[in-house]
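The values are calculated or read from the model by the stated rules, or taken from the named source; none is laboratory data. Bear in mind that the values here come from a model prediction, so they are computed numbers and not experimental data. Cβ sites come from the backbone with ideal geometry, for glycine too, and all protein chains shown count toward neighbours. Side chains included, ligands, DNA and RNA excluded: accessible areas come from the protein's heavy atoms. Shrake-Rupley method; radii C 1.70, N 1.55, O 1.52, S 1.80 Å.
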Amino acid sequence: MASKIQAVRGMNDILPEQAQLWERFEDTVRDWLRAYGYRPIRMPILERTELFVRSIGAVTDIVEKEMYTFVDQLNGESLTLRPEATASCVRAAIEHNLLYPGPQRLCYAGPMFRHERPQKGRYRQFHQVGVEALGYAGPDIDAEHIVMCARLWRALGIGDVELELNTLGSNESRRRYRARLIKHLEQHAAILDEDARRRLHTNPLRVLDSKNPELKELIENAPRMTDEMDAASLQHFEGVQSLLREAGIAYRLNPRLVRGLDYYNFTVYEWVTGSLGAQGTVCAGGRYDGLIEQIGGKPAPACGFAMGVERVLELMQSAPHAAGTAAPDVYLVHQGETAGHFAFRSAEQLRDHGLTVVFDCSGGSFKSQMKKADASGARYAVIIGDDEMQAQQVSIKPLREAGEQRCCAVAQAAALIKLNGVE
Ligand code: ATP
Ligand code: MG
(Lines give C-alpha, C1' and ligand atoms only; values in the text may rest on other atoms or scores of the structure.)
(Ligands and ions follow the chains in the order given, each with its own letter.)
Protein backbone atom coordinates (compact mmCIF):
# COMPACT_ATOMS: atom_id res chain seq x y z
CA MET A 1 0.00 0.00 0.00
CA ALA A 2 1.24 3.49 -0.76
CA SER A 3 1.95 5.75 2.21
CA LYS A 4 -0.86 8.04 3.34
CA ILE A 5 -0.85 11.72 2.47
CA GLN A 6 -1.97 13.95 5.29
CA ALA A 7 -3.35 17.49 5.35
CA VAL A 8 -0.92 20.35 5.93
CA ARG A 9 -0.33 21.06 9.63
CA GLY A 10 -2.75 23.62 11.05
CA MET A 11 -5.15 23.24 8.11
CA ASN A 12 -8.29 21.30 8.88
CA ASP A 13 -10.83 19.25 7.01
CA ILE A 14 -14.30 20.18 8.11
CA LEU A 15 -16.12 16.88 8.27
CA PRO A 16 -19.90 16.49 7.71
CA GLU A 17 -20.79 16.50 11.41
CA GLN A 18 -19.00 19.84 11.86
CA ALA A 19 -19.91 21.19 8.44
CA GLN A 20 -23.60 21.13 9.37
CA LEU A 21 -22.90 23.45 12.24
CA TRP A 22 -20.95 25.68 9.82
CA GLU A 23 -23.95 25.85 7.53
CA ARG A 24 -26.26 26.75 10.35
CA PHE A 25 -23.86 29.53 11.30
CA GLU A 26 -23.60 30.68 7.67
CA ASP A 27 -27.39 30.77 7.25
CA THR A 28 -27.76 32.94 10.34
CA VAL A 29 -24.91 35.19 9.22
CA ARG A 30 -26.37 35.71 5.76
CA ASP A 31 -29.74 36.86 7.13
CA TRP A 32 -28.03 39.03 9.73
CA LEU A 33 -25.84 40.84 7.18
CA ARG A 34 -28.82 41.45 4.93
CA ALA A 35 -30.78 42.91 7.82
CA TYR A 36 -28.15 45.66 8.09
CA GLY A 37 -27.76 46.26 4.36
CA TYR A 38 -24.27 44.77 3.88
CA ARG A 39 -23.57 43.46 0.41
CA PRO A 40 -21.21 40.55 -0.24
CA ILE A 41 -17.90 40.90 -2.01
CA ARG A 42 -15.51 38.05 -2.89
CA MET A 43 -11.82 38.65 -3.38
CA PRO A 44 -9.03 36.28 -4.48
CA ILE A 45 -7.19 34.41 -1.75
CA LEU A 46 -3.83 35.34 -3.27
CA GLU A 47 -2.61 38.94 -3.40
CA ARG A 48 0.63 40.74 -4.13
CA THR A 49 2.76 40.72 -0.98
CA GLU A 50 3.15 44.49 -1.19
CA LEU A 51 -0.55 44.94 -0.37
CA PHE A 52 -0.17 43.47 3.11
CA VAL A 53 3.18 45.07 3.83
CA ARG A 54 1.70 48.47 3.08
CA SER A 55 -1.61 47.99 4.88
CA ILE A 56 -0.98 45.77 7.90
CA GLY A 57 2.46 47.28 8.46
CA ALA A 58 5.99 45.96 7.97
CA VAL A 59 6.69 45.65 11.69
CA THR A 60 3.65 43.69 12.80
CA ASP A 61 3.55 40.03 13.86
CA ILE A 62 1.54 39.16 10.80
CA VAL A 63 3.92 40.62 8.24
CA GLU A 64 7.11 39.80 10.11
CA LYS A 65 6.46 36.15 10.74
CA GLU A 66 3.01 34.84 9.94
CA MET A 67 2.55 35.21 6.19
CA TYR A 68 2.66 32.48 3.57
CA THR A 69 4.74 34.35 1.03
CA PHE A 70 6.33 32.82 -2.02
CA VAL A 71 7.72 33.78 -5.38
CA ASP A 72 5.64 32.90 -8.39
CA GLN A 73 7.98 30.59 -10.32
CA LEU A 74 6.69 31.81 -13.63
CA ASN A 75 7.18 35.54 -13.35
CA GLY A 76 9.14 36.15 -10.19
CA GLU A 77 6.34 38.09 -8.48
CA SER A 78 6.09 37.92 -4.68
CA LEU A 79 2.64 36.66 -3.70
CA THR A 80 1.00 36.06 -0.32
CA LEU A 81 -1.94 33.96 0.83
CA ARG A 82 -4.16 36.54 2.49
CA PRO A 83 -3.73 36.68 6.29
CA GLU A 84 -6.86 38.87 6.55
CA ALA A 85 -9.28 40.42 4.09
CA THR A 86 -9.59 44.12 4.90
CA ALA A 87 -6.64 45.00 2.69
CA SER A 88 -8.02 42.93 -0.19
CA CYS A 89 -11.47 44.42 0.21
CA VAL A 90 -10.12 47.97 0.16
CA ARG A 91 -7.88 47.14 -2.81
CA ALA A 92 -10.88 45.78 -4.71
CA ALA A 93 -12.98 48.82 -3.83
CA ILE A 94 -10.27 51.14 -5.15
CA GLU A 95 -9.57 49.03 -8.23
CA HIS A 96 -13.24 48.94 -9.24
CA ASN A 97 -14.13 52.46 -8.15
CA LEU A 98 -16.77 51.14 -5.78
CA LEU A 99 -16.86 54.35 -3.77
CA TYR A 100 -17.60 56.53 -6.78
CA PRO A 101 -21.40 56.49 -6.25
CA GLY A 102 -21.01 56.88 -2.47
CA PRO A 103 -20.09 54.99 0.69
CA GLN A 104 -20.40 51.21 0.67
CA ARG A 105 -21.36 48.62 3.26
CA LEU A 106 -19.56 45.41 2.29
CA CYS A 107 -19.13 41.97 3.81
CA TYR A 108 -17.06 38.88 3.08
CA ALA A 109 -16.38 35.41 4.43
CA GLY A 110 -13.66 32.91 3.74
CA PRO A 111 -10.35 31.32 4.64
CA MET A 112 -7.32 33.28 5.87
CA PHE A 113 -3.76 31.98 6.28
CA ARG A 114 -1.24 32.67 9.03
CA HIS A 115 1.84 30.65 9.87
CA GLU A 116 1.26 30.41 13.62
CA ARG A 117 1.78 27.60 16.10
CA PRO A 118 -1.38 25.50 15.76
CA GLN A 119 -3.39 25.00 18.96
CA LYS A 120 -7.03 25.03 19.96
CA GLY A 121 -8.61 28.11 18.38
CA ARG A 122 -5.46 28.95 16.42
CA TYR A 123 -4.90 27.44 13.01
CA ARG A 124 -2.84 28.12 9.89
CA GLN A 125 -5.91 28.12 7.71
CA PHE A 126 -8.82 29.65 9.59
CA HIS A 127 -11.96 31.50 8.56
CA GLN A 128 -13.30 34.94 9.07
CA VAL A 129 -16.58 36.71 8.49
CA GLY A 130 -16.03 40.43 8.25
CA VAL A 131 -17.66 43.67 7.29
CA GLU A 132 -16.16 46.89 5.96
CA ALA A 133 -18.02 50.18 5.84
CA LEU A 134 -16.08 52.30 3.38
CA GLY A 135 -16.54 56.05 3.15
CA TYR A 136 -18.36 56.61 6.45
CA ALA A 137 -16.89 59.06 8.96
CA GLY A 138 -19.39 59.31 11.80
CA PRO A 139 -19.46 57.42 15.10
CA ASP A 140 -22.85 55.94 14.18
CA ILE A 141 -21.30 53.37 11.88
CA ASP A 142 -18.74 52.32 14.50
CA ALA A 143 -21.67 51.81 16.87
CA GLU A 144 -23.69 50.01 14.20
CA HIS A 145 -20.92 47.41 13.88
CA ILE A 146 -20.86 46.78 17.59
CA VAL A 147 -24.63 46.62 17.91
CA MET A 148 -24.80 44.21 15.01
CA CYS A 149 -22.24 41.88 16.59
CA ALA A 150 -24.30 41.85 19.77
CA ARG A 151 -27.33 40.86 17.72
CA LEU A 152 -25.43 38.02 16.07
CA TRP A 153 -24.31 36.60 19.41
CA ARG A 154 -27.95 36.59 20.50
CA ALA A 155 -29.09 34.93 17.28
CA LEU A 156 -26.46 32.22 17.74
CA GLY A 157 -27.33 31.64 21.38
CA ILE A 158 -23.91 32.79 22.59
CA GLY A 159 -23.95 34.59 25.93
CA ASP A 160 -20.41 34.51 27.17
CA VAL A 161 -18.77 37.35 25.20
CA GLU A 162 -17.83 40.78 26.46
CA LEU A 163 -16.93 43.94 24.67
CA GLU A 164 -13.66 45.77 25.30
CA LEU A 165 -13.46 49.22 23.83
CA ASN A 166 -10.77 51.83 23.31
CA THR A 167 -9.83 54.69 21.05
CA LEU A 168 -6.45 55.29 19.46
CA GLY A 169 -7.49 58.80 18.48
CA SER A 170 -6.59 60.66 15.33
CA ASN A 171 -3.33 59.86 13.56
CA GLU A 172 -1.97 63.12 14.95
CA SER A 173 -2.73 62.29 18.58
CA ARG A 174 -1.55 58.75 18.04
CA ARG A 175 1.80 60.11 16.87
CA ARG A 176 2.07 62.32 19.95
CA TYR A 177 1.21 59.41 22.18
CA ARG A 178 3.74 57.21 20.45
CA ALA A 179 6.57 59.63 21.24
CA ARG A 180 5.53 59.83 24.86
CA LEU A 181 5.23 56.07 25.18
CA ILE A 182 8.69 55.55 23.70
CA LYS A 183 10.08 57.88 26.35
CA HIS A 184 8.36 55.94 29.11
CA LEU A 185 9.58 52.60 27.79
CA GLU A 186 13.11 53.90 27.33
CA GLN A 187 13.21 54.91 30.96
CA HIS A 188 12.58 51.30 31.85
CA ALA A 189 14.63 49.71 29.10
CA ALA A 190 16.30 47.36 31.57
CA ILE A 191 13.13 45.39 32.25
CA LEU A 192 11.94 45.15 28.67
CA ASP A 193 11.96 41.69 27.15
CA GLU A 194 13.43 40.96 23.76
CA ASP A 195 10.14 41.46 21.90
CA ALA A 196 9.48 44.78 23.58
CA ARG A 197 13.00 46.02 22.94
CA ARG A 198 12.69 45.14 19.29
CA ARG A 199 9.39 46.99 19.06
CA LEU A 200 10.41 49.99 21.11
CA HIS A 201 11.13 52.20 18.13
CA THR A 202 9.27 50.40 15.38
CA ASN A 203 5.89 49.58 16.90
CA PRO A 204 5.82 50.72 20.55
CA LEU A 205 2.02 50.56 20.90
CA ARG A 206 2.27 46.81 20.51
CA VAL A 207 4.27 46.62 23.72
CA LEU A 208 1.03 47.51 25.53
CA ASP A 209 -0.41 44.30 24.14
CA SER A 210 2.39 42.12 25.58
CA LYS A 211 1.24 39.03 27.45
CA ASN A 212 4.49 38.86 29.47
CA PRO A 213 3.53 39.09 33.18
CA GLU A 214 6.88 40.74 33.98
CA LEU A 215 5.90 43.74 31.90
CA LYS A 216 2.49 44.05 33.50
CA GLU A 217 3.40 46.77 35.95
CA LEU A 218 5.31 48.78 33.39
CA ILE A 219 2.29 48.64 31.11
CA GLU A 220 -0.10 49.59 33.91
CA ASN A 221 1.98 52.67 34.63
CA ALA A 222 2.41 53.69 31.00
CA PRO A 223 0.93 57.04 29.99
CA ARG A 224 -2.68 56.87 28.85
CA MET A 225 -3.64 57.37 25.26
CA THR A 226 -6.55 59.58 26.15
CA ASP A 227 -4.20 62.07 27.84
CA GLU A 228 -2.74 62.95 24.44
CA MET A 229 -6.02 63.06 22.63
CA ASP A 230 -7.44 66.08 20.81
CA ALA A 231 -11.03 67.21 21.29
CA ALA A 232 -12.27 65.78 17.99
CA SER A 233 -10.94 62.33 18.86
CA LEU A 234 -12.61 62.40 22.26
CA GLN A 235 -15.84 63.63 20.73
CA HIS A 236 -15.92 60.81 18.20
CA PHE A 237 -15.36 58.30 20.98
CA GLU A 238 -18.08 59.82 23.13
CA GLY A 239 -20.39 59.63 20.10
CA VAL A 240 -19.80 55.89 19.82
CA GLN A 241 -20.25 55.34 23.53
CA SER A 242 -23.50 57.25 23.81
CA LEU A 243 -25.05 55.19 21.00
CA LEU A 244 -23.91 52.01 22.72
CA ARG A 245 -25.33 53.11 26.04
CA GLU A 246 -28.66 53.92 24.41
CA ALA A 247 -28.67 50.52 22.73
CA GLY A 248 -28.07 48.86 26.09
CA ILE A 249 -24.70 47.40 25.07
CA ALA A 250 -22.41 46.77 28.02
CA TYR A 251 -18.70 47.41 27.49
CA ARG A 252 -15.47 47.74 29.37
CA LEU A 253 -13.09 50.56 28.53
CA ASN A 254 -9.62 49.13 28.09
CA PRO A 255 -7.01 51.86 27.56
CA ARG A 256 -4.38 49.19 26.80
CA LEU A 257 -6.29 47.76 23.88
CA VAL A 258 -4.29 48.22 20.70
CA ARG A 259 -4.69 46.13 17.60
CA GLY A 260 -2.10 43.97 15.94
CA LEU A 261 -2.45 45.78 12.65
CA ASP A 262 -1.04 49.20 11.97
CA TYR A 263 -3.94 50.72 10.11
CA TYR A 264 -6.30 51.45 12.97
CA ASN A 265 -7.14 54.88 14.43
CA PHE A 266 -10.02 56.15 16.58
CA THR A 267 -12.34 53.36 17.77
CA VAL A 268 -10.91 49.88 18.37
CA TYR A 269 -12.64 46.98 20.07
CA GLU A 270 -12.55 43.28 20.75
CA TRP A 271 -15.23 40.81 21.74
CA VAL A 272 -13.62 38.48 24.25
CA THR A 273 -14.70 35.37 26.10
CA GLY A 274 -13.36 33.58 29.13
CA SER A 275 -14.50 30.20 27.95
CA LEU A 276 -12.04 29.50 25.14
CA GLY A 277 -8.82 29.54 27.15
CA ALA A 278 -5.91 31.53 25.75
CA GLN A 279 -7.59 32.15 22.37
CA GLY A 280 -10.25 34.39 23.89
CA THR A 281 -10.74 37.03 21.19
CA VAL A 282 -13.68 36.08 19.02
CA CYS A 283 -14.07 39.24 16.98
CA ALA A 284 -12.08 42.41 16.54
CA GLY A 285 -12.46 45.63 14.68
CA GLY A 286 -12.28 49.36 14.53
CA ARG A 287 -11.79 52.42 12.42
CA TYR A 288 -9.05 52.78 9.80
CA ASP A 289 -9.44 56.18 8.21
CA GLY A 290 -5.96 56.25 6.67
CA LEU A 291 -5.96 52.88 4.95
CA ILE A 292 -7.73 53.67 1.70
CA GLU A 293 -5.31 56.46 0.94
CA GLN A 294 -2.36 54.36 2.07
CA ILE A 295 -3.02 51.78 -0.60
CA GLY A 296 -3.55 54.22 -3.37
CA GLY A 297 -7.19 55.30 -3.16
CA LYS A 298 -8.75 58.70 -2.79
CA PRO A 299 -8.71 59.50 0.95
CA ALA A 300 -11.88 58.24 2.64
CA PRO A 301 -12.74 57.16 6.17
CA ALA A 302 -13.71 53.56 6.93
CA CYS A 303 -14.23 50.99 9.63
CA GLY A 304 -14.91 47.29 9.97
CA PHE A 305 -14.50 44.12 11.97
CA ALA A 306 -13.69 40.45 11.49
CA MET A 307 -14.67 37.46 13.56
CA GLY A 308 -12.86 34.14 13.81
CA VAL A 309 -15.41 31.59 12.68
CA GLU A 310 -13.74 28.60 14.38
CA ARG A 311 -13.83 30.41 17.71
CA VAL A 312 -17.46 31.48 17.30
CA LEU A 313 -18.43 27.90 16.44
CA GLU A 314 -16.60 26.65 19.50
CA LEU A 315 -18.72 29.01 21.58
CA MET A 316 -21.89 27.94 19.80
CA GLN A 317 -21.15 24.35 20.73
CA SER A 318 -20.53 25.14 24.35
CA ALA A 319 -23.65 27.30 24.67
CA PRO A 320 -26.15 25.54 26.95
CA HIS A 321 -29.06 25.83 24.53
CA ALA A 322 -27.16 25.45 21.29
CA ALA A 323 -29.15 23.42 18.80
CA GLY A 324 -27.59 20.14 17.74
CA THR A 325 -26.67 19.31 14.19
CA ALA A 326 -29.57 19.42 11.78
CA ALA A 327 -31.07 15.93 11.58
CA PRO A 328 -33.30 15.03 8.62
CA ASP A 329 -37.07 14.92 9.04
CA VAL A 330 -37.34 11.51 7.43
CA TYR A 331 -35.23 8.41 6.88
CA LEU A 332 -36.76 6.35 4.10
CA VAL A 333 -36.64 2.60 4.71
CA HIS A 334 -37.65 0.28 1.87
CA GLN A 335 -37.60 -3.41 0.89
CA GLY A 336 -37.91 -5.06 -2.50
CA GLU A 337 -36.98 -3.84 -5.96
CA THR A 338 -40.33 -2.51 -7.16
CA ALA A 339 -41.07 -1.05 -3.77
CA GLY A 340 -37.67 0.63 -4.11
CA HIS A 341 -38.82 2.53 -7.18
CA PHE A 342 -42.03 3.62 -5.46
CA ALA A 343 -39.95 4.62 -2.43
CA PHE A 344 -37.56 6.66 -4.58
CA ARG A 345 -40.50 8.62 -6.05
CA SER A 346 -42.10 8.99 -2.64
CA ALA A 347 -38.89 10.52 -1.25
CA GLU A 348 -39.02 13.15 -3.99
CA GLN A 349 -42.67 13.86 -3.16
CA LEU A 350 -41.88 14.30 0.51
CA ARG A 351 -39.13 16.76 -0.47
CA ASP A 352 -41.65 18.59 -2.68
CA HIS A 353 -43.52 19.22 0.58
CA GLY A 354 -40.43 20.82 2.06
CA LEU A 355 -39.21 17.89 4.17
CA THR A 356 -35.59 16.79 4.39
CA VAL A 357 -35.33 13.12 3.49
CA VAL A 358 -32.47 10.64 3.59
CA PHE A 359 -33.14 7.72 1.24
CA ASP A 360 -31.64 4.42 2.34
CA CYS A 361 -29.11 3.16 -0.19
CA SER A 362 -27.68 0.32 1.88
CA GLY A 363 -30.00 -2.41 0.61
CA GLY A 364 -29.67 -3.96 4.08
CA SER A 365 -32.27 -5.90 6.04
CA PHE A 366 -35.27 -4.10 7.46
CA LYS A 367 -33.69 -4.28 10.88
CA SER A 368 -30.38 -2.78 9.78
CA GLN A 369 -32.14 0.01 7.85
CA MET A 370 -34.15 0.86 10.96
CA LYS A 371 -30.90 1.06 12.89
CA LYS A 372 -29.54 3.48 10.32
CA ALA A 373 -32.76 5.49 10.53
CA ASP A 374 -32.29 5.78 14.25
CA ALA A 375 -28.62 6.74 13.96
CA SER A 376 -29.42 9.44 11.40
CA GLY A 377 -31.32 11.38 14.06
CA ALA A 378 -34.39 11.58 11.77
CA ARG A 379 -37.67 12.34 13.49
CA TYR A 380 -39.54 9.77 11.41
CA ALA A 381 -38.94 6.60 9.51
CA VAL A 382 -41.07 6.33 6.41
CA ILE A 383 -41.32 2.64 5.56
CA ILE A 384 -42.22 1.20 2.17
CA GLY A 385 -42.47 -2.53 1.50
CA ASP A 386 -44.60 -4.66 -0.81
CA ASP A 387 -47.81 -4.03 1.16
CA GLU A 388 -47.38 -0.27 1.07
CA MET A 389 -46.51 -0.32 -2.61
CA GLN A 390 -49.64 -2.27 -3.49
CA ALA A 391 -51.79 0.17 -1.53
CA GLN A 392 -49.75 3.11 -2.95
CA GLN A 393 -49.31 4.30 0.61
CA VAL A 394 -46.46 4.72 3.06
CA SER A 395 -46.03 3.77 6.71
CA ILE A 396 -44.71 6.38 9.09
CA LYS A 397 -43.14 5.69 12.43
CA PRO A 398 -42.03 8.32 14.91
CA LEU A 399 -38.45 7.67 16.06
CA ARG A 400 -37.93 10.28 18.76
CA GLU A 401 -41.08 9.83 20.79
CA ALA A 402 -43.51 7.02 21.54
CA GLY A 403 -46.21 6.44 18.92
CA GLU A 404 -47.71 3.83 16.67
CA GLN A 405 -46.79 3.20 13.11
CA ARG A 406 -49.53 4.25 10.69
CA CYS A 407 -50.25 4.02 7.02
CA CYS A 408 -51.47 6.78 4.68
CA ALA A 409 -50.92 8.45 1.31
CA VAL A 410 -47.61 10.28 0.78
CA ALA A 411 -49.17 13.75 0.81
CA GLN A 412 -50.95 13.03 4.06
CA ALA A 413 -47.76 11.61 5.56
CA ALA A 414 -45.98 14.81 4.65
CA ALA A 415 -48.69 16.91 6.26
CA LEU A 416 -48.65 14.82 9.43
CA ILE A 417 -44.88 14.99 9.72
CA LYS A 418 -44.89 18.74 9.22
CA LEU A 419 -47.50 19.11 11.94
CA ASN A 420 -45.59 16.64 14.04
CA GLY A 421 -49.04 15.17 14.36
CA VAL A 422 -48.60 11.42 14.41
CA GLU A 423 -49.85 9.77 17.60
P1 ATP B 1 -4.92 36.89 18.22
O2 ATP B 1 -4.58 37.92 19.23
O3 ATP B 1 -5.79 35.77 18.76
O4 ATP B 1 -3.72 36.37 17.47
P5 ATP B 1 -5.38 38.77 16.10
O6 ATP B 1 -5.36 40.07 16.77
O7 ATP B 1 -4.16 38.29 15.39
O8 ATP B 1 -5.84 37.61 17.13
P9 ATP B 1 -7.22 39.65 14.02
O10 ATP B 1 -6.18 39.83 12.98
O11 ATP B 1 -7.83 40.81 14.64
O12 ATP B 1 -6.64 38.64 15.14
O13 ATP B 1 -8.36 38.70 13.44
C14 ATP B 1 -9.70 38.75 13.87
C15 ATP B 1 -10.14 37.45 14.49
O16 ATP B 1 -9.76 36.33 13.72
C17 ATP B 1 -9.50 37.15 15.84
O18 ATP B 1 -10.16 37.83 16.86
C19 ATP B 1 -9.70 35.67 15.96
O20 ATP B 1 -11.02 35.35 16.38
C21 ATP B 1 -9.50 35.20 14.54
N22 ATP B 1 -8.16 34.68 14.33
C23 ATP B 1 -7.01 35.37 14.13
N24 ATP B 1 -5.97 34.55 13.94
C25 ATP B 1 -6.47 33.28 14.00
C26 ATP B 1 -5.91 31.97 13.85
N27 ATP B 1 -4.63 31.79 13.58
N28 ATP B 1 -6.73 30.90 13.99
C29 ATP B 1 -8.06 31.06 14.24
N30 ATP B 1 -8.64 32.26 14.38
C31 ATP B 1 -7.87 33.36 14.25
MG1 MG C 1 -2.56 37.04 15.86
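With +1 on each Lys and Arg Cβ and -1 on each Asp and Glu Cβ, and nothing else charged, work out how big the dipole of the range 330-418 is about its Cα centre, in Debye to the nearest 20.
Using Cβ point charges on Lys, Arg, Asp and Glu, the range 330-418 gives about 320 debye.
Sort the following peptides by mean Cβ neighbour count (other Cβ atoms within 10 Å, averaged over residues), highest first: 193-202, 369-378.
369-378, 193-202
Can you tell me how the chain classifies by the Cα gyration tensor, rounded, prolate or oblate, using a/c under 1.5 as the rounded cut?
Judged from the Cα gyration tensor, the chain comes out prolate (a/c at least 1.5, a/b above b/c).
Measuring from label point to label point, each 7 Å out along Cα→Cβ, what is the HIS341 to SER318 span in nm?
If labels sit at HIS341 and SER318, their model points lie 5.6 nm apart.
Rounding to the nearest 20 debye, state how big the charge dipole of the chain is about its Cα centre with +1 on each Lys and Arg Cβ and -1 on each Asp and Glu Cβ.
That gives the chain a dipole magnitude of about 520 debye.
At 7 Å along Cα-to-Cβ for each site, give me the label-to-label distance between GLN235 and ALA375 in nm.
Calculated label separation equals 6.8 nm.
Separation between the PHE366 and GLU246 pseudo-spin-labels, each 7 Å from Cα along Cα→Cβ, expressed in nm?
Going by the 7 Å Cα→Cβ label model, 6.8 nm.
In a Debye calculation with equal point scatterers on the alpha-carbon sites of the range 330-418 and no solvent, what is log10 I(q)/I(0) at q = 0.22 Å⁻¹?
-1.06
Any idea what the dipole of the range 34-127 comes to, in debye rounded to 20, about its Cα centre with Lys/Arg Cβ at +1 and Asp/Glu Cβ at -1?
500
Using the heavy atoms of the protein chains alone and a 1.4 angstrom probe, what is the accessible area of the range 308-417 per residue in square angstrom?
Value returned for the range 308-417: 50 Å² of accessible area per residue.
Filter the GluC sites (Glu not before Pro) in the range 64-140 down to the DSSP loop ones having no more than 16 other Cβ atoms within 10 Å, then list what survives.
Filter output for the range 64-140: GLU77, GLU116.
From largest accessible area down, sort ARG124, ARG91, ARG42; use a 1.4 Å probe on the protein chains.
The ranking, largest first, comes out as ARG42, ARG91, ARG124.
Take the solvent-accessible surface of the protein heavy atoms, probe 1.4 Å, and return the percent of it on the chain that carbon and sulfur atoms account for.
Of all accessible area on the chain, carbon and sulfur atoms account for 52 percent.
Quick check: Cα centre of the range 342-388 to Cα centre of the range 179-254, how many Å?
Here the answer is 61 Å between Cα centres.
For the chain, what is the calculated [θ] at 222 nm in deg cm²/dmol (nearest 500), taking -39500 (n - 2.57) for each run of four or more DSSP H residues and dividing by its residue count?
-11500 deg cm²/dmol
So who's got an amide H within less than 5 Å of the one on VAL358, skipping anything under 5 residues away but keeping other chains? H placed 1.01 Å off N, in plane.
Those qualifying (amide H under 5 Å, at least 5 residues apart or on another chain) are VAL330, TYR331, LEU332.
What are the lysines whose alpha-carbon lies under 29 Å from the alpha-carbon of LYS418, with same-chain residues fewer than 8 places away excluded?
Within the straight-line cut-off, LYS418 pairs with LYS367, LYS371, LYS372, LYS397.
Using 13 Å as the cut-off for backbone N distance, which residues of the range 369-387 belong to the label zone defined by a point 7 Å from the Cα of ALA415 along Cα→Cβ?
none
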